[in-house]
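Participant: This structure is in structure tokens; I'll ask about it shortly.
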Amino acid sequence: MDVSSALVARKPTRQISVGNVKVGGDAPITVQSMTITKTADVEGTLQQIYALAAAGADIVRCTCNETEAAEGLAQIVPRSPVPIIADIHHQYKMALAAMEAGVHGLRLNPGNIRRPEHIKAVAAEAKDRGIPIRIGVNAGSLDPSLYEKYGSATPEAMVESAQQEIAYFDEVGFEAIKISVKASSVPLMVEAYRQLSEVTDHPLHLGVTEAGPPPAGLIKATAGIATLLMEGIGDTIRYSLTADPVEEARAGRQLLEALGLRERKNVDLIACPSCGRAEVDVIEVANRAMEAFADREIPLQIAVMGCVVNGPGEARDADLGIAAGNKRGHLFVKGQNVAVVPEDEMVDQLVEWAEFIQEHGVEAALARVDLVKAAREAEKDRARLLDEQGADVNHSGEKIVEIRKTTR
Ligand code: SF4
């Protein structure tokens, strides 16, 4: 099966440029995040921007809520490794100040800047400077007249809010727009984006707002964003988590990699869920492996499996893996056993082999060992485990016989 066919073809949108990063059209889907420092704290904010970029953010947003923040942006923008967007809420003058500071984009909340002349003044200035603007509709801060008209923050109300703002921009001939219609309710935001994508070809910025702390926040954000991406909707994404923003950037990148929408940059660690056969604490080894690979840009799939009975077979598609057996670890490359290592060296050896494969390739890794010997050792431990535990380690067969007796 061609797995890419599981995703609906991406809906064509116009393309805009946020600094040197393209959004929309055939550009890769990008990851955004937002700093949580005071923007006036230039060094602290830059440190966070660098951390976000390293974790996978392509674009970073900073609040511009006061003059000191705009002044901070003037120093941050030239030193940032990624384009910077200024987040503007109530004061349109802050949008003008942020543009003066050299930001690469603006985010305006139409619920908070309502006077048409202010919106048009910002759009005209952005047009002159070639800066794009995101219309950031939020279900929690719609214009009161829309709440009145629709009774609550419905998808229709959110789409109308975006359309009203687009109309103001149209009046001054401003087209470099992307749009978001975020809500903290997943079904509401999904439906709002679906409706919006029917009526506009401006690029869409996806997000579940105020998703909350992980893990529930991660699940909500993933449910909303992934649903839309699978339907071909969305050009840039942001996880809004109550957590270190580095987690947002990492989650965004990981989601795109998991869906095959961005090239893998880091290890894809797979691990068995463990069971009665496990010869090690799989959770502990997997966590240690996650930590060991966290800062290494090694785009391989690596497996941590609890036993040598089923591990290498179940993870045969992984580039590299380890399966525990008889107080030692059996390393395998593409399902073939390559080495036996002491249990306490399993993670270190995984790292060493992963680095070797990244540099020299799978064939070279297989060529450097005695495959027959490694397979023999693995078979020895496999046979011992089967001998001790039997083929049905969880005794399901016996239980089924008992169940049948009691229900007969
Ligand atoms: S059979 Fe082995 S590899 Fe499969 S879940 Fe159990 S311990 Fe993990």
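Participant: About its Cα centre, what dipole magnitude does the chain give when the only charges are +1 on Lys and Arg Cβ and -1 on Asp and Glu Cβ, stated in debye to the nearest 20?
Facilitator: Rounded to the nearest 20 debye, it is 680 debye.
Participant: Straight-line reach from Lys120: which aspartates and glutamates fall under 19 Å, measuring Cα to Cα and dropping same-chain residues less than 8 apart?
Facilitator: Reachable aspartates and glutamates: Asp87, Glu100, Asp128, Asp143, Glu160, Glu165, Asp170, Glu171, Glu175.
Participant: Another question, then. Suppose every Lys and Arg Cβ carries +1 and every Asp and Glu Cβ carries -1, with no other charges. What dipole size does the range 257-408 come out with about its Cα centre, to the nearest 20 debye? Write out the running numbers ahead of the final one.
Facilitator: Working: 20 positive and 29 negative charges, 159 e Å.
In debye, rounded to 20, the range 257-408 gives about 760.
Participant: For Ala223 paired with Asp26, estimate the spin-label separation in nm (one decimal), with each label point 7 Å from Cα along the Cα-to-Cβ line.
Facilitator: It is 3.6 nm.
Participant: If you build the Cα gyration tensor of the range 16-110 and take the root of 5 times each eigenvalue, what three semi-axes come out, in whole angstrom, biggest first?
Facilitator: Equivalent-ellipsoid dimensions as semi-axes: 20, 16, 11 Å.
Participant: What whole-number value in Å² describes the accessible area per residue of the chain for a 1.4 Å probe? All intermediate terms of the calculation are to be shown ahead of the outcome.
Facilitator: On the way: 18620 Å² over 408 residues.
For the chain, the solvent-accessible area averages 46 Å² per residue.
Participant: Moving to a separate point now. Got a number for carbon plus sulfur as a percent of the range 291-334's accessible area, 1.4 Å probe?
Facilitator: 37 percent
Participant: Per the Kirkwood treatment, what hydrodynamic radius in Å, one decimal, follows for the chain from the mean inverse distance over all distinct Cα pairs?
Facilitator: Every distinct Cα pair counted, the radius reaches 23.9 Å.
Participant: Give the lysines whose C-alpha is closer than 23 Å to that of Lys327, dropping any in the same chain fewer than 8 places away, or say none.
Facilitator: Of all the lysines, those that pass the test against Lys327 - Cα under 23 Å, at least 8 places apart if same chain - are Lys373, Lys380.
Participant: Sort the range 272-337 into rounded, prolate or oblate with this rule: let a ≥ b ≥ c be the square roots of the eigenvalues of the Cα gyration tensor; rounded if a/c is under 1.5, and if a/c is not under 1.5, prolate when a/b is larger than b/c, oblate otherwise.
Facilitator: oblate
Participant: I need the shape label for the range 257-381. Rule: rounded when a/c is under 1.5, else prolate if a/b > b/c, else oblate, with a, b, c from the alpha carbon gyration tensor. Could you put the intermediate results ahead of the total?
Facilitator: Numbers: a/c = 1.68, a/b = 1.23, b/c = 1.37.
It is oblate, given that a/c is not under 1.5 and a/b is not larger than b/c.
Participant: How big is the Cα convex hull of the range 171-316 in projection, averaged over all directions, in nm²?
Facilitator: Here the figure is 11.3 nm², rounded to one decimal.
Participant: Starting from the exponent 0.38 and prefactor 2.2 Å, build the expected Rg for the range 48-199 from its residue count and divide its actual Cα Rg by it.
Facilitator: That works out to 1.05 for the range 48-199.
Participant: Of the options Gly19, Gly325, His89, report the single residue whose Cα projects farthest towards the positive end of the charge dipole of the chain (beta-carbon charges: Lys, Arg +1; Asp, Glu -1).
Facilitator: His89
Participant: Using +1 at the Cβ of each Lys and Arg and -1 at the Cβ of each Asp and Glu in the chain, identify which of Cys307, Pro144, Val338 lies farthest towards the dipole's positive end.
Facilitator: Of the options given, the answer is Pro144.
Participant: With the dipole of the chain worked out from charges on the C-beta (+1 for Lys and Arg, -1 for Asp and Glu) around the Cα centre, which of Asn266, Pro155, Gln358 lies farthest toward the positive end?
Facilitator: Of Asn266, Pro155, Gln358, it is Pro155.
Participant: So how compact is the range 330-408: Cα radius of gyration and Dmax in angstrom?
Facilitator: 18.8, 61
Participant: Additional query: List the lysines whose Cα lies under 26 Å from the Cα of Lys38, skipping any in the same chain that are fewer than 8 positions away.
Facilitator: Lys93, Lys178, Lys182
Participant: DSSP H helices in the chain with Cα extent of 15 Å or more along the helix axis and mean Kyte-Doolittle hydropathy at least -1.0?
Facilitator: Passing helices, by number: 42-55, 116-129, 155-171, 186-199, 216-230, 245-258, 282-293, 346-360, 396-407.
Participant: For the range 1-63, give the percent of accessible area contributed by carbon and sulfur heavy atoms, probe 1.4 Å, rounded to a whole number.
Facilitator: So the carbon and sulfur contribution to the accessible surface is 59 percent.
Participant: In a shell of Cβ-Cβ distance under 14 Å around His104, excluding His104 itself, what net charge do Lys and Arg (+1) and Asp and Glu (-1) give?
Facilitator: Here the count lands on +4.
The values are calculated or read from the model by the stated rules, or taken from the named source; none is laboratory data. None of the values given here were measured: they were computed from a predicted structure. Note that we place each Cβ from the backbone using ideal geometry, even for glycine, and neighbour counts take in every protein chain shown. Please note that ligands, DNA and RNA were not included when accessible areas were found on the heavy atoms of the full protein model with its side chains. Shrake-Rupley method; radii C 1.70, N 1.55, O 1.52, S 1.80 Å.
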